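Undergrad: Sharing a structure below in structure tokens format, with a few things to ask.
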Amino acid sequence: MKQERFDHDQLRTSRSMPEIKISGAIPIGPQPIPRTSSVSSFTTDVSDRFPIERSSFDLVEKMHYLFVRVVKARALPTPGNPVTKIVVSGCQVVSKPARKTMYFEWDQTFAFRRDAHDSASILEVSVWDPLISSSMSDVAGHNFLGGICFDATEIPLRDPPDSPLAPQWYRLEGGGAHKGDLMLATWVGTQADESFPEAWKTDTAGNPSSRSKIYQSPKLWYLRATIIEAQDVPPSSSFQIKAQLGFQVQKTKSIATRNGTSSWNEDLMFVAAEPFSDQPLMLFLVEQRGPKETTVVGVASLPLASIERRVDDRIVVSKWLTFEDPNEEKRVYRGRIQVKIFFDGGYHVMDEAAHVCSDYRPTAKQLWKSPIGTIELGIVGCKNLLPMKSINGKGSTDAYAVAKYGNKWVRTRAISDNLDPKWNEQYTWRVYDPSTVLTIGVFDSCEGFGSDGQKEPTRSDFRMGKVRIRISTLEMGKVYKNTYSLMLLNAVGLKKMGELELAVRFVRMAPTLDFLNVYSQPLLPIMHHIKPIGVVQQEVLRTIAVKITAAHLTRSEPPLRREVVAYMLDADTHAFSMRKVRANWLRIVNVLSGVIDMVKWFDDTRSWKNPTSTFLVHILLMMLVWFPDLIIPTLAFYVFVVGIWNYRFRSRAAPPHFDPKLSLAETIDGNELDEEFDMVPCTRSNEMVRLRYDKLRMLGARVQTVLGDIATQGERVQALVTWRDPRATGIFVGMCLVVAVILYLVPSKMVAVTFGFYYMRHPIFRDRMPSPALNFFRRLPSLSDRIL
């Protein structure tokens, strides 16, 4: 499809297109559209008809478009495949060539952006025969087949749920002779129109890959294969079983055969995507490991469609598979293998990082619970985007947004060459758990032009930042309409790419008690607790799931590219980063800050810096000792007061967003940033790698010292009763006997009050030296003196 800009007045007066009467279009059959308004009245009329209001998509604003649906033509004086030209507001669009049946068929819809300041009042639709001239920009006069003009101010306004406007036959005019009829429909609608997603749009430059689309992630299963034993295999000193599913390969440990029989009882786990057309067979291979090479001596296959599925922890019956010689054309028996293989539908296949997961449902649909609500997202637009490429020396960005929640992905249309794009698209997801995260990312499309107008079909879609919204932080029924900064951290540093405007609303569907009961339920399905998967294995399976999901979405039309899927799923979230190490340490310090503040306050109270406070603490101690039943109610009431006090400081304006200060993204060192984004294996120079290694060794030395100190303290506790130091253990055992006798004879309340008063005694009654108990503990032996 071709798009040009021209002056429609020049088109009408040039010899390439005879003048078309604007007195009105003549429909065949129905009454023509009346024309009673002048050109000068269009601005006022559009202002009245296009008020700034909310559409049925109430989280976004209406964007009015002039829709033109060209259906077909008849009785055209040409044997070829004509095209239609549509001219409005100084914009000319050429349709695709017609399909020749009984009619000349196009069935194509065009959407032209309209606003209150648009003063154009003429819509011109013409039919041309492109066979006579190869260049549509220089069309000879005789290849013009006819045209129609409409008064744009009189085109009807349609807003769903109105039914679609029926197309009509219009007589083509031009040159004074009847040259055929054209069936079309014109109306003014919004982005809520059902024709909008597939229509040609002016703000996307007609790129078919920039349309709004909804994608569905593949249904992922965990495939568990338990290798039990093999029989009648060729004798070998070392052989193993290799299981292969597509690009996934796993091997058992190598063992020697004994009388042709070997056993493993090893579990191998794979990820499979349904339907199983891409990887229909599960392969098992017998490999003999020699001193120089590995030889495959037998192959067995199993169709995935025949594998049993389970949704709980019931026992699955094993089966025997026959090995065949892969080097022989005829079927030659090479042994058999006993395997227990099944699809485990009781697990949730992780394709996102656990802390930002958008769905925790198991694979088996019969285990799903009812949804508790819906999350509605309005993607309004972006502001102040940075130019991502250059077209004819001018900075340009073809931005589009992608949102992901659960198995549903949505992609907005790509706005062509606009640093302040407006999408105003709204989407809805069902929510099954409030402790989930909605992710929205913004990207620059590579489907347009590259630097200086050159095509770059292999360039990746540039990431421009993303926003995460946790559902549990949203109040029910409240609309959050805010602008979020798009921040991107790369090897250069933190860069602000622009701003993203979103509108979000969470609507509860479940009853209140059912909704609150969700917080008491386990986050992951029950199989993750009955037979948990190791952390390392879980991360390997997640990496495989990301690859399968990306490969599935890239086969869609238009495709959702691999780099987009990887960025949305945080495929590189576990890469080593010194910045994240420091940030996590500061998070731990922040968590413990309350305990540290409490210890400092108690130390100040014990030091009598505020005598009134110390005196009140003495009274509180006596009350709690004499009435121990008040301890738990007092603590509960204290936590209640703290929660009520912090209620005033809750976030009301917008859900939390990325925090550059918490992430240490603004103060990171350049070398550490370069290390964070370096590939594995490392691509830097040997000198740089040596410097990083030395720095890591220094950090490791500190960690080593801290771990040694922790081990020393624990070993001193053990030394109290292990008689490593006979005198220290004798003193400790004797003191334990004295304490037992005292506590037996003296009431425990008196002991507790005495100990509390002694601990909080005035500083003038204290010694500045460490206490005898601490001195005794520090003298206890540890195993550090036995370390080489």
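The values are calculated or read from the model by the stated rules, or taken from the named source; none is laboratory data. Computed from a predicted model, the values in this text were never measured in an experiment. Cβ atoms come from the backbone with ideal geometry, glycine included; neighbour counts cover every protein chain shown. Note: areas computed on protein heavy atoms with side chains; ligands, DNA, RNA excluded. Shrake-Rupley method; radii C 1.70, N 1.55, O 1.52, S 1.80 Å.
Undergrad: Hey, got a sec? Which GluC sites (Glu not before Pro) in the range 313-382 land in a DSSP loop and have at most 15 other Cβ atoms within 10 Å? Each step should come with its number before you reach the end.
TA: Numbers: sites: E324, E328, E329, E352, E376; in loops: E328, E329, E352.
For GluC sites (Glu not before Pro) across the range 313-382 that sit outside H, G, I, E and B with at most 15 neighbouring Cβ atoms in 10 Å, the list reads E328, E329.
Undergrad: Also: Roughly speaking, what is the centre-to-centre gap between the range 621-700 and the range 349-420 when only Cα atoms are used, to the nearest Å?
TA: So the two Cα centres are separated by 27 Å.
Undergrad: Can you flag which of K394/K547; K201/K389; K600/K749; K100/K389 are past 32 Å Cα-Cα?
TA: With Cα atoms farther than 32 Å apart: K394/K547; K100/K389.
Undergrad: Any number yet on Rg/Rh for the range 297-395, C-alpha, Kirkwood?
TA: 1.28
Undergrad: Which of the aspartates and glutamates could a cross-linker bridge to K213, judged by Cα under 19 Å and excluding same-chain residues fewer than eight apart?
TA: In chain and number order, the partners are D193, E194, E198, D203, E376, D398, E425, D444, E447, D461, E557, E563.
Undergrad: Please state the equivalent ellipsoid semi-axes for the range 249-363: what are the square roots of 5 times the Cα gyration tensor eigenvalues, largest first, in whole Å?
TA: One finds semi-axes of 31, 16, 15 Å for the range 249-363.
Undergrad: Along the charge dipole of the range 539-662, pointing to its positive end and built from +1/-1 on Cβ of Lys, Arg, Asp and Glu, which listed residue (N610, N590, V546) has its Cα farthest out?
TA: Highest projection toward the positive end goes to V546.
Undergrad: Of the DSSP beta bridges with both residues in the range 429-564, give the percent that are antiparallel, rounding to the nearest 5.
TA: Details: 20 of 21 bridges.
Taking every DSSP beta bridge with both residues in the range 429-564, the antiparallel ones total about 95 percent.
Undergrad: So how many Å³ per residue does the convex hull of the Cα atoms of the range 665-788 work out to?
TA: Value for the range 665-788: 255 Å³ per residue.
Undergrad: Just to be sure I understand the model, the point goes 7 Å from the Cα along the line to the Cβ. What's the resulting N517 to R310 distance in nm?
TA: Simple spin-label model gives 2.8 nm for this pair.
Undergrad: Dividing the alpha-carbon Rg of the range 659-733 by 2.2 N^0.38 Å yields what?
TA: 1.94
Undergrad: A follow-up question, please. Expressed as cubic angstrom per residue, what is the convex hull volume of the alpha carbon set of the range 149-244?
TA: 311
Undergrad: Same structure again: Measure off, as a whole percent, the carbon and sulfur share of the 1.4 Å-probe accessible area of the chain, all protein chains present.
TA: Taking all protein chains in place, the chain shows 58 percent carbon and sulfur surface.
Undergrad: Residue-wise, which Karplus ³J(HN,Hα) couplings in Hz belong to the range 311-317, taking 6.51 cos²θ - 1.76 cosθ + 1.60, θ = phi - 60°, and x for glycine or proline?
TA: Here the 3J(HN,Hα) series is 10, 9, 9, 5, 7, 9, 6 Hz.
Undergrad: Using +1 at the Cβ of each Lys and Arg and -1 at the Cβ of each Asp and Glu in the range 689-750, identify which of Y693, Q713, G734 lies farthest towards the dipole's positive end.
TA: Toward the positive end, the furthest listed residue is Y693.
Undergrad: Here's another thing I want to ask about it. Once you wrap a convex hull around the alpha carbon atoms of the range 546-619, what is its projected area averaged over all directions, in nm²?
TA: With the hull built on Cα positions only, its mean projection is 9.3 nm².
Undergrad: Once ligands and nucleic acids are excluded and a 1.4 Å probe is used, how much of D444 is accessible, expressed in Å² to the nearest 10?
TA: 0
Undergrad: Quick check: the distance between the Cα centres of the range 719-788 and the range 233-284, to the nearest angstrom?
TA: 60
Undergrad: Of all DSSP beta bridges located in the chain, what percent are antiparallel, nearest 5?
TA: Of all bridge pairs located within the chain, approximately 95 percent are antiparallel.
Undergrad: Mind grabbing the accessible area of M698 for me, 1.4 Å probe, Å², rounded to tens?
TA: The accessible area of M698 comes to roughly 120 Å².
Undergrad: List the trypsin sites (Lys or Arg not before Pro) within the range 557-663 that DSSP assigns to loop and that have no more than 13 neighbouring Cβ atoms inside 10 Å.
TA: K609, R650, R652
Undergrad: Would you grab the residues whose amide H sits under 5 Å from the one on V60? Only those 5+ places off in sequence or on another chain, please, with H modelled 1.01 Å from N.
TA: S55
Undergrad: Rounded to the nearest 500, what is the 222 nm mean residue ellipticity of the chain from helices alone, with -39500 (n - 2.57) per DSSP H run of 4+ residues and division by all residues?
TA: Values: 15 runs with 196 residues, N = 788.
My calculation for the chain gives -8000 deg cm²/dmol from helical runs alone.
Undergrad: Let me ask something else. Starting from the Cα gyration tensor of the range 709-763, take the square roots of the eigenvalues, sort them a ≥ b ≥ c, and report rounded, prolate or oblate (rounded when a/c is under 1.5, otherwise prolate if a/b is larger than b/c, else oblate).
TA: Oblate, since a/c reaches 1.5 and b/c is not below a/b.
Undergrad: Moving on to the next point. Taking only the C-alpha atoms, wrap a convex hull around the range 321-461 and report its volume per residue in Å³ as a whole number.
TA: Details: hull volume 27.8 nm³, N = 141.
Taking only Cα atoms, the range 321-461 has a hull volume of 197 Å³ per residue.
Undergrad: Out of all Cα-Cα pairs in the chain, roughly what percent, to the nearest whole number, are more than 47 Å apart?
TA: Tail fraction, whole percent: 48.
Undergrad: Same structure, new question: Give or take rounding to whole Å, what are the principal axis extents of the alpha carbon atoms in the range 516-664, in descending order?
TA: Each principal axis gives a Cα extent; for the range 516-664 these are 74, 38, 34 Å.
Undergrad: Here is a follow-up. Taking a probe of 1.4 Å, how large is the accessible area per residue of the range 310-444, in Å²?
TA: On the way: 5130 Å² over 135 residues.
I get 38 Å² per residue for the range 310-444.
Undergrad: Mind listing the Cα extents of the range 611-673 along all three principal axes, in Å, largest one first?
TA: If we take the Cα atoms of the range 611-673, the spans are 60, 31, 22 Å.
Undergrad: Give the long-range amide H neighbours of V431: residues separated by 5 or more places, or on another chain, with amide H under 5 Å away, using H modelled in the peptide plane at 1.01 Å from N.
TA: I372, G373, T374, I375
Undergrad: Which whole-Hz couplings ³J(HN,Hα) result when phi for each residue of the range 149-164 is put into the Karplus expression 6.51 cos²θ - 1.76 cosθ + 1.60, θ = phi - 60°, listed in order with x for Gly and Pro?
TA: Couplings: 10, 10, 7, 5, 6, 9, 6, x, 9, 10, 9, x, x, 4, 5, x Hz.
Undergrad: What size of dipole, in debye to the nearest 20, comes out for the chain about its Cα centre when the only charges are +1 on Lys and Arg C-beta atoms and -1 on Asp and Glu C-beta atoms? Mind showing how you got there, number by number?
TA: On the way: 98 positive and 84 negative charges, 436 e Å.
Dipole magnitude for the chain comes out near 2100 debye.
Undergrad: Loop only per DSSP, at most 10 neighbouring Cβ atoms within 10 Å: give me the trypsin sites (Lys or Arg not before Pro) in the range 258-306, ordered by residue number.
TA: Numbers: sites: R258, R289, K292; in loops: K292.
Qualifying residues, ordered by number: K292.
Undergrad: Right, something else. Taking amide H positions as placed 1.01 Å from N in the peptide plane, with prolines and chain starts having none, which residues 5 or more places from Y170, or on another chain, fall under 5 Å of its amide H?
TA: Those lying under 5 Å, H to H, from Y170 are I28, L182, M183, L184.
Undergrad: Related question: Counting only other residues whose beta carbon sits under 13 Å from that of F732, what net charge do I get with K and R as +1, D and E as -1? Intermediate values should be presented prior to the final figure.
TA: Details: positive: R716, R724, R727, R779; negative: D725.
It works out to a net charge of +3.
Undergrad: Taking θ as phi - 60°, what are the ³J(HN,Hα) couplings along the range 717-728 by the Karplus curve (6.51, -1.76, 1.60), each to the nearest whole Hz, with x for Gly and Pro?
TA: 5, 5, 6, 4, 10, 9, 6, 5, 10, x, 5, 5
Undergrad: Put +1 on the Cβ of every Lys and Arg and -1 on every Asp and Glu Cβ in the chain; which of S748, T261, F462 then has its Cα farthest towards the positive end of the dipole?
TA: My answer, from the dipole projection, is S748.
Undergrad: Rg (Å, one decimal) plus Dmax (Å, integer) for the alpha carbons of the range 588-725?
TA: Taking only Cα atoms of the range 588-725, I get Rg and Dmax of 24.8, 71 Å.
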